[in-house]
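**Q** The structure follows.
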Amino acid sequence: QVQLVESGGGLVQAGGSLRLSCVASGSIFSINVMGWYRQAPGKQRELVATVTSGDITNYADSVKGRFAISRGNTKNTTYLQMNSLKPEDTAVYYCQAKRWGINYWGKGTLVTVSS
């Protein structure tokens with residue numbers, strides 16, 4: 001089992017920045033992908049960004065050039081630096097980890113961007 005805990009959400013004005021963090025614990029060996037997804041009210045959960053154990057990144061088109069995902073030195077943490085935030089970025093952001101084909105999820109952290 002893998003446990004994920006997110007932090008760093010909050011309220012920010014449009015154009016501002018936030019940095020989300022996620023720490024994995026438990027059976028963290030062989031986690032090969034970590035990522036961030038988000039779910040806005042009334043919408044389905046969507047991909048924001050992922051990073052592999054080899055530091056290959058992937059981004060949703062809507063956040064390219066504004067968000068940056070990275071992994072910590074110990075590889076059991078992931079960060080999402082969010083710049084130039086827009087009201088449409090408002091959502092609950094979930095940390096995800098994939099290990100041996102199984103997805104694990106955190107409980108989410110709320111990001112609210114005011115106009």
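The values are calculated or read from the model by the stated rules, or taken from the named source; none is laboratory data. Everything numeric here is computed off the predicted structure, so don't read it as measured data. Because the Cβ atoms are built from the backbone with ideal geometry, glycine has one as well, and the counts that use them run over all protein chains shown. The protein model used for the area step is the full one, side chains on, heavy atoms only, and it has no ligands, DNA or RNA in it. Shrake-Rupley method; radii C 1.70, N 1.55, O 1.52, S 1.80 Å.
**Q** When you scan the range 98-110, how many residues do you find that are over 11 Å from the mean Cα position of the chain (by Cα) and surrounded by 14 or more Cβ atoms within 10 Å (Cβ to Cβ)?
**A** Total satisfying the criteria: 3.
**Q** I'd like the full set of residues that are farther than 19 Å from Trp105 by Cβ and either in contact with a Ser or Thr (Cβ under 6 Å, 6 or more places away or on another chain) or polar (S, T, N, Q) (or both), limited to the range 16-32.
**A** Scanning the range 16-32 gives a single hit, Ser17.
**Q** Right, another one. Within the range 72-97, how many residues turn out to be open to solvent by 60 Å² or more (accessible area, probe 1.4 Å) and modelled with pLDDT under 95?
**A** The qualifying residues number 3.
**Q** A further question on this structure: Among the numbered criteria (1) closer than 14 Å to Trp105 by Cα; (2) without any contact (Cβ under 8 Å) to a residue 60 or more places away in the chain; (3) basic (Lys, Arg), which single criterion is violated by Arg38?
**A** Failed condition: (2).
**Q** Being surrounded by 15 or more Cβ atoms within 10 Å (Cβ to Cβ) and at positive phi is the filter here; which residues of the range 8-55 pass it?
**A** Scanning the range 8-55 gives a single hit, Gly8.
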